[in-house]
Protein chains: 2
Amino acid sequence: MQLTIDSPADFHVHLRQGPMCALVTPLVRKGGFRLAYVMPNLQPPITTTARALEYKAELQRLEPRVEFLMTLYLSPDLTPEEVRKAKSAGIVGVKSYPRGVTTNSDGGIESYEAYYPVFAVMEEVGMVLNLHGEVPSDSSANISVLNAEPAFLPWLHRIHAQFPKLRIVLEHATTRAAVEAVRKCGNTVACTITAHHLALTVDDWAGQSLHFCKPVAKMPDDRAALQEVIKEGHPRFFLGSDSAPHPSSSKTQSTPDKGCAAGLYTSATLLPLVAHLLESFDALDKLEGFVCTFGRRFYQFPSERMRVGAIGGGVTLQKLEKTEGTGDVWRGDGDAPAGYLPRVYGKGAEAIIPFWAGRWIGWQILA
Amino acid sequence: MQLTIDSPADFHVHLRQGPMCALVTPLVRKGGFRLAYVMPNLQPPITTTARALEYKAELQRLEPRVEFLMTLYLSPDLTPEEVRKAKSAGIVGVKSYPRGVTTNSDGGIESYEAYYPVFAVMEEVGMVLNLHGEVPSDSSANISVLNAEPAFLPWLHRIHAQFPKLRIVLEHATTRAAVEAVRKCGNTVACTITAHHLALTVDDWAGQSLHFCKPVAKMPDDRAALQEVIKEGHPRFFLGSDSAPHPSSSKTQSTPDKGCAAGLYTSATLLPLVAHLLESFDALDKLEGFVCTFGRRFYQFPSERMRVGAIGGGVTLQKLEKTEGTGDVWRGDGDAPAGYLPRVYGKGAEAIIPFWAGRWIGWQILA
């Protein structure tokens, strides 16, 4: 079977800096994607238009065949004036992280009220607010990584009520509560879902740091809610991979002083992986909506095909059938055979072990 | 400050086999304990009286100054006749693990009904049933490591109702639900609590495999419930460390094919660690009840002092105060200074990294 879909867009990806950036940026295209919505959490974070444009130029040099949409990091330094400047320069969104962005606080949760003047200008000029929707852990309030997302949702509703025309994306939803919250919002609120949260539950990362990411994968019923809303073809739920490369040692080795890094790398095989996952819950017919149409419409970045209504183009996936002798996992060295995920990208200290390294997924992109 | 308590008893400990057994068995005494209730999950498991006695002899040879109480592993091979034989030979309990003991099943949970003839004889002769109180994970029933313990509790109530005189211990409770369930039972049902579950929550093992154990540590409110019932001095809640040594590499290194081993090693410094933890929530006055009196009474293994009413004996702890320059963690090589936990036990492939390696706890045992 072959499947051709319109130009895929990943609305949440980490492309890093330096050698890691050079390694992973071209792999966005290799993974089947034509558009990457790029996170600003570099060191130091991207807080100015000038720095965002500089970073964009670097990414375009590394992979000219991908459209990079840029974001700024929400911090007290971000002024309404800088928001206007950013918008004029083509920067698309502002990303809010749960920690380190606090000016006022309210019961242990960051208060977003301090940012309301910035949000007002974003609403006016049409920039998107990207929310990492978790509150910080707080033992005294019984908040841990498990309920940090549900505990954040009142903030989503509050910001949406205050700025009903501001486009907001709740990033990497992991709970049924988050899916239901976004459903209840108006058409200006959308939600990204990662590939790995369609696959994992808490049991998968318990004791397995290679499956550890933030937000952590939750209960089977939460995973089911993510699958259901995709299967339903809800137009405000679309792919944002949150693909986050880390050097392999930081994913595989703990010491008493330091655990493993949070984050899973999926970008280099993202389209075949998502096809495999959607197929696993009978939602393959929603693939194009989930990876292309819905996100592009919300962000107002239609594909060439959507703009001109042309037929053809897009990316073609080939379904591969298991034959006798096809194992569930490929453990060899060198390049993995078609249908398997590679076991590693890069070499030496910067090598990345991807999510589900070596697993049979049964799909490949046709060149 | 010095604190002398009656002879400490650890009512749940893993002493392993071979070189690991030789390393950890003498450390029970070094950790302040005079009695060890020994788990039967060797390879192969201990399922006969003869094998249990052989193992006991080996442990006594390794550390003659500790009283070892032995258990059998519940399996379909365990007959009522073997239970009678075991009781006559001084074996104290039968341990039930959640997996691999199934004969009949009921909605994905093991059915214990198949074992009712065995439980009836245990009740008659006075053997103790030790329950690992978790059901297997089951996505279709929304069961994961997080709710596996609450989902087990109906079994506890059912077995207790059927065998009201059978002494049952719910092992290593981790949730408020488990604490409340044991409270509601009659005096024949007790509960062990580990040291590490008084310290950890889910946030501590998320991404840190050195804090990964089963049952996993739960929410802050669950930890609070464990602390509260100890602080209250409830006589049916007592220490079972579930100290479980693993070679350091199996605790620190993940691969795509294999995560890290579940289990934390606390035995070698157990009494100072428990003193530190109880002190942290103002329950130091319950130390003797928690580590000696309550467990020994329930198991009917009184200490020499409890038997003869003598004053004196016991184990003395010295409280050490932090001075300027005393860090929170000691990172040097060789023996850790007094008041710190060691960073490692043993050498080479069998080396064990203990729980909270190198941490300042501020207590030591006086020789």
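General remarks:
- Test: A:Ile352 is within 14 Å of chain B (Cβ to nearest Cβ) and among the hydrophobic types (A, V, I, L, M, F, W, C): yes
- Filtered residue count, the stretch A:140-176, keeping only those that are under 25 Å from A:Tyr116 (Cα atoms), outside any strand (DSSP E or B), among the aliphatic types (A, V, I, L, M) and in contact (Cβ under 8 Å) with a residue 24 or more places away in the chain: 7
- Hits in the stretch A:339-354 - residues which are farther than 22 Å from A:His196 by Cβ and either in a loop (DSSP other than H, G, I, E, B) or in contact with a helix residue (DSSP H, G or I) (Cβ under 6 Å, 6 or more places away or on another chain) (or both): A:Lys347
- Filtering the stretch B:349-367 to residues that are open to solvent by 60 Å² or more (accessible area, probe 1.4 Å), farther than 17 Å from B:Glu321 by Cβ and either touching a strand residue (DSSP E or B) at 6+ places or on another chain (Cβ under 8 Å) or free of Cβ contacts under 8 Å to residues at least 40 places away in the same chain (or both) leaves only B:Ala367.
- Condition met for A:Met127 (facing chain B (nearest Cβ under 10 Å) and either touching a helix residue (DSSP H, G or I) at 6+ places or on another chain (Cβ under 8 Å) or without any contact (Cβ under 8 Å) to a residue 60 or more places away in the chain (or both)): no
- Test: residue in the stretch A:273-286 that is under 15 Å from the mean Cα position of the chain (by Cα) and either modelled with pLDDT of 95 or more or within 30 Å of B:Cys260 (Cβ to Cβ) (or both): yes
- Check on A:Tyr340, within 14 Å of chain B (Cβ to nearest Cβ) and either touching a Gly at 6+ places or on another chain (Cβ under 8 Å) or open to solvent by 60 Å² or more (accessible area, probe 1.4 Å) (or both): yes
- Reported count of residues in the stretch A:200-229, each being part of a loop (DSSP other than H, G, I, E, B) and more than 19 Å from the chain's Cα centre (by Cα), is 4.
- Residues that are among the charged types (D, E, K, R) and either at positive phi or in contact (Cβ under 8 Å) with a residue 12 or more places away in the chain (or both), drawn from the stretch B:307-344: B:Lys319, B:Glu321, B:Lys322, B:Asp328, B:Arg331, B:Arg343
- Checking B:Asn187 against (1) in a helix (DSSP H, G or I); (2) open to solvent by 10 Å² or more (accessible area, probe 1.4 Å), the condition it does not meet: (1)
- Residue check, A:Ala181 open to solvent by 30 Å² or more (accessible area, probe 1.4 Å) and in a helix (DSSP H, G or I): no
- Among the residues listed as B:Thr175, B:Thr194, B:Thr201, B:Thr188, the single one being more than 10 Å from every other protein chain (Cβ to nearest Cβ) and in contact with a Ser or Thr (Cβ under 7 Å, 6 or more places away or on another chain): B:Thr194
- Residue in the stretch A:242-250 that is within 20 Å of A:Glu67 (Cβ to Cβ), in contact with a Phe, Trp or Tyr (Cβ under 9 Å, 6 or more places away or on another chain) and outside any loop (DSSP other than H, G, I, E, B) present: yes
- Yes/no for A:Lys258 being open to solvent by 30 Å² or more (accessible area, probe 1.4 Å) and without any contact (Cβ under 8 Å) to a residue 40 or more places away in the chain: yes
- Options A:Phe281, A:Phe301; residue that is within 27 Å of A:Asn187 (Cα to Cα), surrounded by 14 or more Cβ atoms within 10 Å (Cβ to Cβ) and within 14 Å of chain B (Cβ to nearest Cβ): A:Phe281
- Cβ pairs under 8 Å, 6+ apart, first in the stretch A:219-242 and on the phi > 0 side of the Ramachandran plot, second of a type in the set (A, V, I, L, M): A:Asp242/A:Val13; A:Asp242/A:Leu264
- Selection from the stretch A:111-131 of residues that are within 23 Å of the chain's Cα centre (by Cα) and surrounded by fewer than 22 Cβ atoms within 10 Å (Cβ to Cβ): A:Glu123, A:Gly126
- Evaluation of A:Gln208 against (1) polar (S, T, N, Q); (2) within 21 Å of A:Thr266 (Cβ to Cβ); (3) open to solvent by less than 10 Å² (accessible area, probe 1.4 Å) (one fails), failing number: (3)
- Whichever residue in the stretch B:319-337 is in contact with a Phe, Trp or Tyr (Cβ under 8 Å, 6 or more places away or on another chain) and open to solvent by 60 Å² or more (accessible area, probe 1.4 Å) and, among such residues, is nearest to B:Gln364 (Cα to Cα): B:Lys322
- Sole residue being buried (at least 23 other Cβ atoms within 10 Å of the Cβ) and outside any loop (DSSP other than H, G, I, E, B), chosen from B:Leu273, B:Leu287, B:Leu264: B:Leu273
The values are calculated or read from the model by the stated rules, or taken from the named source; none is laboratory data. Only a predicted model underlies this, so the values are computations on that prediction, with no experimental measurement involved. Heads up, the Cβs are rebuilt from the backbone with ideal geometry, glycines too, and the neighbour counts pull from every protein chain shown. Ligands, DNA and RNA are stripped out before the accessible areas are found, and what is left, the full protein with its side chains, is counted by its heavy atoms. Shrake-Rupley method; radii C 1.70, N 1.55, O 1.52, S 1.80 Å.
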